[in-house]
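One structure coming up, written as structure tokens, with questions to follow.
None of the figures in this text is laboratory data; all of them are computed from the coordinates on show. This one's a predicted model, so the numbers in the text were calculated from it and none came from an experiment. All Cβ positions, glycine included, derive from the backbone under ideal geometry; neighbour counts span all protein chains shown.
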Amino acid sequence: MANESSLLSLEGISKDFYGNVVLEDVTFTVGRGEIIGLVGENGAGKTTLMRILFGMPVIAETGGFKGRIMLDGKQVAFTSPFDALDAGIGMVHQEFSLIPGFTATENITLNRESMKRNVACDIFGERMSVLDRARMRTRAAKAISRLGVKLDPDILVSEMPVGHKQFTEIAREIDRSNVKLLVLDEPTAVLTETEAEVLIQSMRMLAAQGISIIFISHRLHEIINVADKIVVLRDGKAVKSVPVKGVSVHDIATWMVGREVKGSSSMLSACSEKVFLKVDNLWVDMPGETVRNVSFDVCEGEIFGIGGLAGQGKLGIPNGLMGLFPAGGNASLDDSPVPLNDPHKVLNNHMAFVSEDRRGVGLLLDETLEWNVAFTAMQAKGEHLIPVLGGLFKLRNERTMKLLAEEYIKTLEIKCTGPKQRAKELSGGNQQKICLAKAFALKPKLLFVSEPTRGIDVGAKAIVLETLRRYNKEYGMTIVMVSSELEELRSICHRIAIVDEGRIAGILPPTAEIAEFGLLMSGEKTGKNGDAA
Amino acid sequence: MNPLKKFEPLKFISDNIVTVIFLALTIIAIPFSRLSGIYILSNLIDRFARSAFLVFALILPIMAGMGINFAMVLGATAGQIGLIFAIDYNVMGIQGLLLATCIGVPLSIFLGWFCGQVLNRARGREMVTGFILGYFMDGVYQFFGLYVMGWLIPIRTREVMQVTGSGVRNTLALGPVRGGLDNILNLQVGPFHLPLLTFGVIAFLCLFIIWFRKTKLGHDMRAIGQDQGVSHSAGIAVDRTRIMAIVISTILACIGQIIYLQNMGNMGTYTSQRQAGYFAAAAILVGGATVSKATIMNVFVGVFLVHSLYITMPIAGKEIFKSAMVGQYMSDFINYAIIALALVLHAWRNKRNADLARAGLRGHADKDSALAAQAGAVQ
Amino acid sequence: MNRIKAFITDFGWPRIIIAIFLLALFISAPFVGVKLDASFTDVFNRFGQNVIMVLALVPMVQAGCGLNFGLPLGILSGLLGSTMAMQFGLTGPMGFLVAILITIFFGSIFGLGYGKLLNKVKGEEMTIAMYVGFSAVMLFSILWLLLPYTKPDLVMGYAGEGLRRSISLEKYWDKILNNFLALRIGSVRNLAGNLSGGFIFPTGLMMFVAACVVFMWFFLRTKTGTAMTAVGSNPDFARASGVSVEKMRTTSVVVSTIIGGIGILVYQQSFGFVQVYDAPLYMAFPAVSALLIGGASVTKASMLNVVIGTLLFQGMLTMTPSVINSVLKTDMSEVIRIIVSNGMIIYALTRKTKVTK
């Protein structure tokens, strides 16, 4: 509960998106000059909590939230992020929001420039004032010095190393005269170790100056290193809110991942010993999901899980192997090499892919279900075509396309008005089934599925997972499943690889202890001997 | 690194390839045209005074990230409407020009505001939309000039009216206001006329632009030009600022067209505005500006180069191909092609830079493949 | 029923206004002394004359390359086709056929280069296309003067070299499609024994147009055509399905350029003259407007859009001069044409694109 010394207190915050509960009765306080470490898996509710704090319009548009936010002992209800800024709360996002062609000074003072009035202001308004560059520079230098770092205020952002961009962003927030609380969202994710160390020093300096900080990070040792208090979110609940003293990385990892999984070990038997897919030194240039150096083997008939936190590169693996992003290294399927960077050849090589970006890559939203299901088979394998004039032209065979779509609508129980319906009119779960149907229509021996249950409701989730299990059992289809939901991976996979910073941190059986997974995810333990499992 | 320094001249050429090509063409054309240096220079001075102002109209929208404002034609049209009234009311000299400005500027503000609204709805394709908007305006302007004038608004002067008795003539002699600005402080130095007041106006405009860049509004435009999303989240009113850039551009185009026409002495009532647009776009791009960056220097260089070619190319073409028409078509071709080239190069460079930026982030299994991939990306 | 309703909602108010305006013109025509039969003949002729150039825009719109303001490139290949066939002294059906073959040859080359260029500059394609078209027309203006054409029918009389501004097709293949099996309905035989008045249906022209439309319809249903549509609808999906996005875009540009060239050949035989030099400069604009008036957007176009759009646009161009001029006693049709056609393009460019993402 809020006491005299606390700056911010969140009391009983709950939020649901149309019945889907993402935050439940979250309560914690932030003291003056205190650093709070906020941790949780993807989807634990961190982002939503911050959106609520900043009064993002999306919260009000989706029905508001329950609970109270107290700032300085007074209840606040921001209606836009600008209100939050005015009240002295600053946020530094994971993606840089800086103007590349501007100097550090110009970015730090953006839209809060010091100005000198002149005669034109009286006629045309304040925006005719001339910028007072000398004062802007002094202000920027002052903000930078409060961070305790060396940064030239006149350097262009585009010429800065990544770490300096991060400092520029923080300096921009503390340049506000009344800043009391800073929210740093994964600020160290893009930094090198030494840069991260400097940032942590800066955070300590700011805290000493009385600025409170909410520090969101998945690097648990950093949290332990700098935070005064730690708040762990899991499935929308604040499961722990304790002083950091005496807490170990292992404890946090256990709290983060939490749940126990029931009876998955019985599934393990089906896996044969024959290596089916072999990946060596793979790198993939996928923006935001860079894969640096990954090697692993998948056995025939196996369901192989790939987990890890967002941005670490787990999504890059299937996207790179399927030729959607520039990739290098070696891969072989059934002892024959997999051609990289050529989607057409890969599809002809008994491989298929269900993309995590359902609306962006997975579907032709404006076209019919027939098109969506049959298009890939048509283009990659030349099916569903009628040769005309002795094969000079190939017309699409709308009849077999319709039959194909109808077949999958039936077997996958897709709820729709018929094969002529447009893909954009279906619900998320049914769209996902269309994506699966598209992949199954290729009759692949190896199927990549990426985030198959993202954004679909519980019932549909179960059906999707059940379908994957069935195709694996009945047709012996080898499946590589990439997912952010560890529990889901543990319930269906034979083995699970955890990816961290573009590398495989370790491979574990689904029965392994939860904390093991948590430690691998947060990069606390490299799985040198994980492969043995 | 030293090897990089050695390649500096090549880099300079490749960065300014449009200007260099144009310069080369001009240098080739000059001897073929057999025109004297003095003739070319005195012509250049005259043409510079005439048209530099127009080109300045394009700077602000480029700064605000809206590309070449082909819709500056709207401002030129407003200026022409002002001139029509000045001639019709028979107001002479500088007073006539001031009257034209007084009518043209409010009209430009309105048209610029309208244009800004339209362009805000066509994000990412501002240039083509602005271009078509110019054509659309042609229709509205013809409706005004041919039907509204003489019907709702009576025409007083017979020289303005068409022979058929309604609407404004296709070619309008601007006798009363001819040289209204140029002749006020005209200095004769040897064979050269120096219209000092016109130069003064251009100098004043340069100072205005330099000053404007330092204002909050100018600063905001630069910010928006680089990243609308970041500017918006910093609380800058993006849409409003973009409209302002277009309004100022339209006003400058209006005044620029009045200055241009007082020097020419007659105007193609329904065609001059369009030529202004083609000319200004070519000039600023030839001067080394791109769709996203333009300086005062670009304007000066561009105006001089384009006019050097306009003066020499028709005659050179006639000399080389023994056909006057070839020279004329050649000028037109170069005019269009240079804009196409500048746009293509800019789009291509953007794409290449984006690829290069990605190459830096590429994760590599080993050093050899890293080097190989980087070498590949540089190519 | 639902599809009709959806079609009407997609249609948009500017198109409905134009349709009503055209209807009003037709209804009022008899009252101001304009003959309907002659008007219909005109509308059909001009429809056939222009529709193929509108059709040429479809593949590029479908492949997501936007409105092809670079259509003059296709037109130039058509001009090369007809002038070369004439230079070879070919007349009648043979001449027309050879003209088409030459057009296809040059259209493929121009289209290939133009397509490769557009692939390099994704983004402001339409502005670049426009200026590439303009500069090509001016470059060819120089070539028309310098290429070694010698036929007296083609070259300028006084100089003996350089093409004439407009070249009569009278001795070659003037109205070869229009007159083929043309039907006269309700004509009257005058004193000299010639038929006059009445409605003339240009059967051959319509058959050729129908063949082109059917060809395009088939083309969009082939494997390539299907892939092209998918590229326009969602390039990432197409790529993930093993389709080369760049190749499809280039193919669409080549097809568009070739059809554009054939379009100008049909236009010429109906018009009776080959117009060179700066005549093709602005020819893309009426075609683009017609397609948009027909209900296409910057990203989706169908055969129905082509036919309806050309009928509405050409109908308006035919009827406004005759009707409005008889009412107002002044020729306002040019102004109306400029405002309507460019207004339509602006409307389409500023509308939120329909592709869901």
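When the helices in chain C are scored as -39500 (n - 2.57) per DSSP H run of 4 or longer and the sum is shared across all residues, what 222 nm value do you end up with, to the nearest 500 deg cm²/dmol?
Estimated from H runs of four or more residues: -22000 deg cm²/dmol.
How large is the charge dipole for segment A:265-532, taken about the Cα centre, if only the Cβ atoms of Lys, Arg (+1) and Asp, Glu (-1) carry charge, to the nearest 20 debye?
Using only the charged Cβ atoms, the result is roughly 800 debye.
Let me ask you something else. Take A:R117 and C:V214, extend 7 Å from each Cα along the Cα→Cβ direction, and tell me the distance between the two endpoints in nm.
Result for the modelled spin labels: 7.9 nm.
Can I ask one more? Put +1 on the Cβ of each Lys and Arg and -1 on the Cβ of each Asp and Glu in segment A:150-204; which of A:N178, A:I200, A:L156 then has its Cα farthest toward the positive end of the dipole?
The listed residue farthest towards the positive side: A:N178.
For segment C:53-102, what is the convex hull volume of the alpha-carbon atoms per residue, in Å³?
So the per-residue hull volume is 71 Å³.
Mind checking the mean number of beta-carbon atoms from other chains within 10 Å of the Cβ atoms in A:102-112?
3
Along the positive direction of the dipole of segment B:2-378 (beta-carbon charges: Lys, Arg +1; Asp, Glu -1; about the Cα centre), which of B:Y89, B:A100, B:F208 reaches farthest?
Farthest towards the positive end: B:F208.
How big is the charge dipole of segment B:2-378 about its Cα centre, in debye rounded to the nearest 20, if each Lys and Arg gets +1 on its Cβ and each Asp and Glu gets -1 on its Cβ?
For segment B:2-378, the charge dipole is close to 480 debye.
Also, I was wondering about something else. About the Cα centre of segment A:15-257, how large is the charge dipole given +1 on each Lys and Arg Cβ and -1 on each Asp and Glu Cβ? Please answer in debye to the nearest 20.
680 debye
Other chains' Cβ within 10 Å of C:107-115 residues: what's the mean?
Partner Cβ neighbours, averaged per residue: 0.
For a protection proxy built on the mean count of beta-carbon atoms within 10 angstrom, sort B:256-264, A:225-233 highest first, please.
Ranked by mean Cβ neighbours within 10 Å, highest first: B:256-264, A:225-233.
A further question follows. With θ set to phi - 60° and the Karplus curve 6.51 cos²θ - 1.76 cosθ + 1.60, what are the ³J(HN,Hα) couplings of segment C:128-139 in order, to the nearest whole Hz, using x for Gly and Pro?
With coefficients 6.51, -1.76 and 1.60, one gets 5, 4, 4, 6, 5, x, 4, 5, 4, 4, 5, 4 Hz.
With everything on Cα atoms, drop me the angle between helix A:398-411 and the longest principal axis of chain A, reported from 0 to 90° to the nearest 10.
Its long axis makes an angle of about 70 degrees.
Gap in Å between the Cα centre of segment A:1-78 and the Cα centre of segment A:106-159?
If you average the Cα positions of each part, the centres end up 33 Å apart.
Hey, another quick one. Round to the nearest 10 and give me the degree value, 0 to 90, for the angle of helix A:428-440's Cα axis relative to the longest principal axis of chain A.
40 degrees
What ³J(HN,Hα) values, in whole Hz, does the Karplus curve 6.51 cos²θ - 1.76 cosθ + 1.60 give for segment A:169-181 when θ = phi - 60°, with x put for Gly and Pro?
5, 5, 4, 4, 5, 7, 6, 4, 5, 10, 5, 10, 9
Counting helices only, and only those DSSP H runs with n ≥ 4, report the 222 nm mean residue ellipticity of chain A as the sum of -39,500 (n - 2.57) divided by its residues, in deg cm²/dmol to the nearest 500.
The helix-only estimate for chain A comes to -9500 deg cm²/dmol at 222 nm.
If you filter segment A:353-425 for trypsin sites (Lys or Arg not before Pro), then keep DSSP loop positions with at most 14 other Cβ within 10 Å, what is left?
Passing sites in segment A:353-425 are A:K415, A:K420.
Here's another thing I want to ask about it. So for each of A:26-33, B:339-346, C:142-149 I average, over its residues, the number of other beta carbons within 10 Å; can you give me the resulting order with the highest mean first?
B:339-346, A:26-33, C:142-149
What average count of beta carbons from other chains do you get within 10 Å of the Cβ of residues in B:319-328?
3
Using the Karplus equation 6.51 cos²θ - 1.76 cosθ + 1.60 (θ = phi - 60°), what ³J(HN,Hα) coupling, rounded to whole Hz, does each residue of segment B:102-107 give in order, writing x for Gly and Pro?
These are the phi-based 3J(HN,Hα) values: 4, 7, x, 5, x, 4 Hz.
Which order do the peptides B:176-187, C:51-62, B:285-296, B:239-250 take when ranked by the mean count of other beta-carbon atoms within 10 Å per residue, highest first?
C:51-62, B:239-250, B:285-296, B:176-187
Share of antiparallel DSSP beta bridges in the protein assembly as shown, in percent to the nearest 5?
Taking every DSSP beta bridge within the protein assembly as shown, about 65 percent pair in antiparallel fashion.
Also, quick follow-up: Gap in Å between the Cα centre of segment A:276-333 and the Cα centre of segment B:326-349?
46 Å
Relative contact order of segment A:265-532, please, whole-number percent, based on alpha carbon pairs below 8 angstrom and at least 6 residues apart.
24 percent.
Given a Förster distance of 25 Å, report the FRET efficiency between B:N16 and B:L356 from their Cβ-Cβ distance, rounded to the nearest 0.05.
The value I calculate is 0.80.
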